[in-house]
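A.B. asks: Please read through the structure below; I'll follow up with questions.
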Amino acid sequence: MYNKNPYRIIGLESNSGLRLIQKNLSKIKAYLKIGKHLTLPYELSFFNLKEINRSHSLVLKTENKILLDSNKIKYALFWFVNENSFDEIALSSLNKANFVKSEGLWRKVIKDKPISKKNFSAYNNLSTLLFLKSLSIKKNDNFENTNDSKKHLEESFKLKSELIFSDYIYSFSKLICGNENEVKREDLLDFFIESISLMLNENFSKSEISSIIKASNKELSDVFNYSLISTPLNSLQELITDANNLLNEDHSKGIEIGKDLIKSTLSNLKLLKDILGVDNVKYQSISDKLANQIMQCGILCFNKTKDDKEFLSSYEYAKKISVKEATKKRAKESIDHCKEEALANICKFCKSNEISQYPIRVEMHKMDYNNTYSYFKNGGYEIHACNSCKNHISSLENKAGLYAFLIYALLNVISILIFRGEDLIIPIILILDIVLARIASFFWIWKYIYKYFNKPHLGFISKHPEIIDLTIQGYKHGMP
């Protein structure tokens, strides 16, 4: 836009007449024929501009561009005009490499003054000068990403946009090509935005570009942002639609589809947020639409497979990007459901391992008011535990039974020894043997001693949340 600007190539201000343009073109062509380099004003090599190498092809391209009035105005927007005595003095200083003086003079003309017929040329010239001061040291027609450059660009965009959006853009058109109706503001604005985008894209992110434009002029920012968001917005729409189509083909792949959707939309959604802000209606609409599609992937997958525990972080992301209250509520419900399902599959004793598919049955009963009792059929109330905890429970239960059996056997042996060793008290021993060893020992051991040794087993089971709830309701272990 600057290295090969047609006005730089022919060494003239952009409001130079056709006769002067033709004169300089003829002079350049004459020098080319004899193989000599022609030095002209406005080469401005003290800025980060490449040395001009006027070849036949470059001159031909320049001539084709500069002879069309519509092109004259477009390229003039990035060059200088000489409209009054202030411009003449400033441009003279500029060609002597004294751009500081030129800048100071143009600033004086526009200081604390709105754009007008007397100073619109200074608005254009100063903004062009600031653009030139912002060029990259690589001399590639891109802007440098430095703090000073950003300040220059913000001011330049402000000045240039005030000219474009004012009625003095028609005065600018008349100055360049003698016809104030030649300019079409929309076309000129499109050209300006396209050109500065190319010059910024190399060293600035889209969010940085948007921030610079936003700091300069709201009207320009709105137009510029629309051009920036159209691509990512369309991309998000397409990705959401594609994910929905894939989901409809196979609900069981919902988790995979949802996670891929998050990955593929991260950068575009962040870009829209940086450019538009969270209060923007377009951002809110697409963000909620994306959040709902992510949740839909998880919900339909769960309905199909009864498992979405791996999708918890995706539900949480959907809630994070949700904007509307209805979307946030749906995300929260999805998160809560996912957590509940995850906990339901975790052993409530150790809270670490996954539960076994086979339940443990616990006998429990509750006395009712009418001298009856309630209990759980089919062997007892079902609880679930992991294999490790199940083995531990079985071990405690087996130990209680073993200890009770040993005591029962021991008492039987003692009763027999007493019976054989004391003939004088046979009737008493016989009675003791029958009552104690055969009847009393059974009830005593299995009702009391077994119960005593079974305490660790019942104590462990009683830690289960569902058993705690039943205990609160009045249930007791065992059968009456």
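A.B. asks: Evaluate the range 218-231: report whether one residue or more is within 29 Å of ILE137 (Cβ to Cβ), in contact with a Phe, Trp or Tyr (Cβ under 7 Å, 6 or more places away or on another chain) and either touching a residue at least 60 places away in the same chain (Cβ under 8 Å) or of a type outside the set (Lys, Arg) (or both).
C.D. replies: Yes - at least one qualifying residue is present in the range 218-231.
A.B. asks: So if I check each of PHE192, PHE172, PHE131, which one is within 32 Å of the chain's Cα centre (by Cα) and either modelled with pLDDT of 95 or more or closer than 23 Å to LEU67 by Cα (or both)?
C.D. replies: PHE192
A.B. asks: Of a type in the set (A, V, I, L, M, F, W, C), surrounded by fewer than 17 Cβ atoms within 10 Å (Cβ to Cβ) and assigned by TED's automatic domain parsing to the domain that holds LEU300 - does that describe any residue in the range 211-232?
C.D. replies: Checked the range 211-232: no residue is of a type in the set (A, V, I, L, M, F, W, C), surrounded by fewer than 17 Cβ atoms within 10 Å (Cβ to Cβ) and assigned by TED's automatic domain parsing to the domain that holds LEU300.
A.B. asks: May I pose another question? State yes or no: is ASP279 of a type in the set (D, E, K, R) and modelled with pLDDT of 95 or more?
C.D. replies: no
A.B. asks: Out of the range 264-294, which residues are over 12 Å from SER235 (Cα atoms), small (Gly, Ala, Ser) and in contact (Cβ under 8 Å) with a residue 24 or more places away in the chain?
C.D. replies: SER287, ALA291
A.B. asks: So which of ASN119, ASN140 is buried (at least 18 other Cβ atoms within 10 Å of the Cβ) and of a type in the set (S, T, N, Q)?
C.D. replies: Unique residue meeting the criteria: ASN119.
A.B. asks: Suppose we keep only residues that are charged (D, E, K, R) and free of Cβ contacts under 8 Å to residues at least 40 places away in the same chain within the range 342-400. Which one would you say is surrounded by the most Cβ atoms within 10 Å (Cβ to Cβ)?
C.D. replies: Across the range 342-400, the extreme among qualifying residues is LYS390.
Residues checked against (1) under 16 Å from ASN3 (Cβ atoms); (2) under 46 Å from the mean Cα position of the chain (by Cα):
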| residue | (1), (2) |
| --- | --- |
| LYS50 | yes, yes |
| ASN53 | yes, no |
| LYS61 | yes, yes |
| ASN64 | no, no |
| PHE80 | yes, yes |
| PHE86 | no, no |
| VAL109 | no, no |
| LYS113 | no, yes |
| ASN124 | no, yes |
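A.B. asks: The conditions are (1) hydroxyl-bearing (Ser, Thr, Tyr); (2) in contact with a Phe, Trp or Tyr (Cβ under 8 Å, 6 or more places away or on another chain); (3) within 25 Å of LYS184 (Cα to Cα), and SER70 fails exactly one of them. Which is it?
C.D. replies: Against the list (1) hydroxyl-bearing (Ser, Thr, Tyr); (2) in contact with a Phe, Trp or Tyr (Cβ under 8 Å, 6 or more places away or on another chain); (3) within 25 Å of LYS184 (Cα to Cα), SER70 comes up short only on (2).
A.B. asks: Could you grab me the full set of residues in the range 1-46 that are part of a loop (DSSP other than H, G, I, E, B) and more than 50 Å from the chain's Cα centre (by Cα)?
C.D. replies: Listed by number, the residues that qualify are SER16, GLY17, ILE34, GLY35, LYS36, HIS37, LEU38, THR39, LEU40, PRO41.
A.B. asks: Pick out, from the range 297-381, the strands (runs of 3 or more DSSP E) lying fully within it that include 3 or more residues that are not charged (D, E, K, R).
C.D. replies: On the way: elements: 360-362, 364-367, 373-375.
It comes to 364-367, 373-375.
A.B. asks: Follow-up question, since we're still on this one. Just checking, which of ASP274, ASP288 is among the charged types (D, E, K, R) and under 17 Å from ALA326 (Cβ atoms)? Give the derivation first.
C.D. replies: Details: ASP274 fails: under 17 Å from ALA326 (Cβ atoms).
Selected residue: ASP288, the only one of ASP274, ASP288 that is among the charged types (D, E, K, R) and under 17 Å from ALA326 (Cβ atoms).
A.B. asks: Sort out which residues of the range 299-332 are loosely packed, with under 14 Cβ neighbours inside 10 Å and either under 23 Å from the mean Cα position of the chain (by Cα) or outside the structural domain of LYS273 (by TED's automatic domain parsing) (or both), and write them in order of number.
C.D. replies: Result: SER313, LYS320, GLU325, ALA326, LYS329.
A.B. asks: In the range 80-100, how many residues are small (Gly, Ala, Ser) and surrounded by 14 or more Cβ atoms within 10 Å (Cβ to Cβ)?
C.D. replies: Qualifying residue count, the range 80-100: 3.
A.B. asks: Under 9 Å between Cβ atoms, at least 6 apart or on separate chains: pull out the pairs that start in the range 90-117 with a residue that is assigned by TED's automatic domain parsing to the domain that holds LEU175 and free of Cβ contacts under 8 Å to residues at least 60 places away in the same chain and end on any residue that is outside any loop (DSSP other than H, G, I, E, B) and among the β-branched types (Val, Ile, Thr).
C.D. replies: Here the result reads ALA90/VAL109; SER93/VAL100; LYS101/ILE89; SER102/ILE89; LEU105/ILE89, each pair linking the range 90-117 to a residue that is outside any loop (DSSP other than H, G, I, E, B) and among the β-branched types (Val, Ile, Thr).
The values are calculated or read from the model by the stated rules, or taken from the named source; none is laboratory data. Predicted, not measured: the structure shown is a model, and the values here were computed from it. Here Cβ is always computed from backbone atoms with ideal geometry, including for glycine, and neighbour counts include all displayed protein chains.
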